[in-house]
Amino acid sequence: MVQRHTVIIGNGIAGITTARHLRKLSQNRITVISSETPYFFSRTALMYVYMGHMKFEHIKPYEDWFWQKNKIDLLHDYVEAIDIHTKSLTCRQTGTLAYDDLVLATGSKSSFFDWPGQHLKGVQGLFNYQDLQQLEESTPAPGEKDHPAKQAVIVGGGLIGIELAEMLLYRKMEVTMLVREGFFWGNVITENESEIISKHADYHGVRIRLNTEMKEILDDGNGKVSGILTQSGETIPCQVVGITTGVRPNVDFLRGSAIEINRGILADEFLQTNIPDIYAVGDCVELRNPLPGRRAIEPVWYTGRMMGEVLAMTLAGKKSGYRPGPWFNSAKFFDIEYQTYGVVQPIPDDQQKHWFWKKADQNQFITVAWNPQSGDFQGINAFGIRLKHEYFDRVLQLGQHVSQVIGSIEQANFDAEFYRKWPDEVKKTFTGETGIAINYKPKRKSIFSR
């Protein structure tokens, strides 16, 4: 039997998961190509390297010998072209490399919007290892007092913006964040949630400027940043500008090829592109027919991992579709942990109703969403409270009534030993303010009934 050669472009979580699971399931020859770093690392831990909590070698999940032992070839190179007719790649250093199956796992990159001056030294995003190196060069080392960089402006909010702010504050820089909208991360979280998170960021030293948009990045005369100019004409001095206005699929090198591209690489439920034997996984994918409640492009860690697992089965001859289930995500806003399950719209409409609860004098709060006609639970945002993924995944898939979900909310409490009181407070308050009795008897039997 002829051994198939699977080539994977990209060594992030999606590409590496594909390689690892394919190795378990097949005897394929596997080559992973990356121009970022020779070895896979945990991207979400880059901030801890910058803050001195870890060294870079600590965020590599596998020892360097792991790859050779498991017969996964690593190639530190840059792919310049793909020839779909000869099924080969042109690499900058290696030259021509043939493939039988090609997996595009090229990830995301920071979104820039052609601001004047964005080419200046000190302007950058925060996504890859090279961004971390650039940030080290542009900012003071821990304890350094004479470094010229004292002030930073972050353009855009969201998770990456808060992460970058925390990093810069650790290096004793003054941080101003520009948010174009009327409240922080307004396309994702609700106004109540945004107000609390904004106050929490301010408490930690981040000056959030709402309804403020950058017009231009100013040059100090030597090719470095000296400040930014807002659309209202205000100048804000700074030596570092962090662009955190989101990420977009890293697919520019494919434009003009026969591989169909929209915002991302178009793929079906089997992660197959329009070209036979070429697949796509992770942040670079745009699903042609996303499932209800899911977006066509979802640049988060766990979706890349799940895509890698199912694609490995397909490449090993066990064709499998990508069916991720209800949406979920998690992150941190400084010391406030954030989790979301299902769909909570930033602004409810006639198809969704919200209920907000906050524990007095503490940064513990939730937003519950449900369909006002049927009463079906649609989602929850939780801040400062750890919830069990299994609970919400199951109730969302079963379409349970919101009163049933709240009535059993203690079963979703991850930190039961330390946070025993909030479920009772939530159930008591929810019943009183909504008029929906939590002893509502659903048509379906509870998944937790014995």
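The values are calculated or read from the model by the stated rules, or taken from the named source; none is laboratory data. Computed from a prediction, not measured in an experiment: that's the story for all the values here. So basically every Cβ, Gly included, is an ideal-geometry build from the backbone, and we count neighbours across all protein chains shown. Heads up: the accessible areas ignore ligands, DNA and RNA and are worked out on the full protein's heavy atoms, side chains in. Shrake-Rupley method; radii C 1.70, N 1.55, O 1.52, S 1.80 Å.
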Give, rounded to the nearest 20 debye, the magnitude of the charge dipole that the chain has about its Cα centre when Lys and Arg contribute +1 at Cβ and Asp and Glu contribute -1 at Cβ. 1540
Let me have the relative contact order for the chain, percent, based on Cα pairs under 8 Å that are six or more residues apart. 13
Quick tally, 1.4 Å probe accessible area for T106, T245, sorted with the most first, runs T245, T106
Using a 7 Å offset from Cα along Cα-Cβ at Y170, what residues in segment 37-58 end up with backbone N under 17 Å from the label point? 42-58
What number comes out for accessible area per residue over the chain if the probe is 1.4 Å? Units Å², please. 49
Give a residue-ordered list of calculated ³J(HN,Hα) values for segment 71-87 (Karplus: 6.51 cos²θ - 1.76 cosθ + 1.60, θ = phi - 60°; whole Hz; x for Gly, Pro). 6, 10, 7, 10, 10, 8, 7, 10, 7, 9, 7, 10, 9, 6, 7, 9, 6
Between R92 and Q130, 0.36 nm times their residue separation minus their Cα-Cα distance comes to what? 11.8 nm
If you add up the charges near G233, with Lys and Arg at +1 and Asp and Glu at -1, over every other residue whose beta carbon is less than 11 angstrom from its beta carbon, what do you get? -1
Straight-distance crosslink candidates among aspartates and glutamates, where the alpha carbon sits under 20 Å from K319 and sequence neighbours closer than 8 are dropped: D100, D101, D268, E269, D277, E286, E309
Loop chymotrypsin sites (Phe, Trp or Tyr not before Pro), segment 1-97 (other Cβ atoms within 10 Å of the site Cβ: 12 or fewer; DSSP): W65
Within the chain, what's the longest run with no GluC sites (Glu not before Pro) in a DSSP loop and at most 10 other beta-carbon atoms within 10 Å? Give the range, please. 64-416
For K359 and D415 in the same chain, what is the full-extension length gain: residue separation times 0.36 nm, less their Cα-Cα distance, in nm? 18.6 nm
12 Å Cα-Cα reach of K332 towards aspartates and glutamates, excluding residues that sit fewer than 8 places from it in its own chain: E163, E166
Tell me whether segment 155-289 comes out rounded, prolate or oblate; compute the Cα gyration tensor, take square roots of the eigenvalues as a ≥ b ≥ c, and use a/c under 1.5 as the rounded threshold. prolate
Residue-averaged 222 nm ellipticity for the chain, from DSSP H runs of 4+ at -39500 (n - 2.57), nearest 500: -6500 deg cm²/dmol
Would you mind telling me the share, in percent, of accessible area of the chain contributed by carbon and sulfur at probe 1.4 angstrom? 48
Round to the nearest 0.05 the FRET efficiency obtained for Q3 and Y203 when R0 = 56 Å and r is the Cβ-Cβ distance. 0.45
How many angstrom lie between the C-alpha centres of segment 325-364 and segment 60-76? 39
Once you sort the root eigenvalues of the Cα gyration tensor of segment 1-134 as a ≥ b ≥ c, which label holds: rounded (a/c under 1.5), prolate (a/b larger than b/c) or oblate (the other case)? oblate
Reachable lysines from K427, Cα under 24 Å, same-chain residues fewer than 8 places away excluded? K353, K358, K359, K388, K441, K443, K445
Rounded, prolate or oblate, given the Cα gyration tensor of the chain, with a/c below 1.5 counting as rounded? oblate
Segment 15-68: trypsin sites (Lys or Arg not before Pro) in DSSP loop, at most 14 other beta carbons within 10 Å: K55
Within segment 40-164, what is the number of lysine pairs with alpha carbons under 28 Å apart, leaving out pairs fewer than eight places apart on the same chain? 16
Do any trypsin sites (Lys or Arg not before Pro) in segment 377-429 lie in a loop, going by DSSP, with at most 11 other beta-carbon atoms within 10 Å of their beta carbon, and if so which? R420, K421
Name the residue farthest towards the positive end of the dipole of the chain from the options Q134, A382, M214, assuming +1 on Cβ of Lys and Arg, -1 on Cβ of Asp and Glu, about the Cα centre. A382
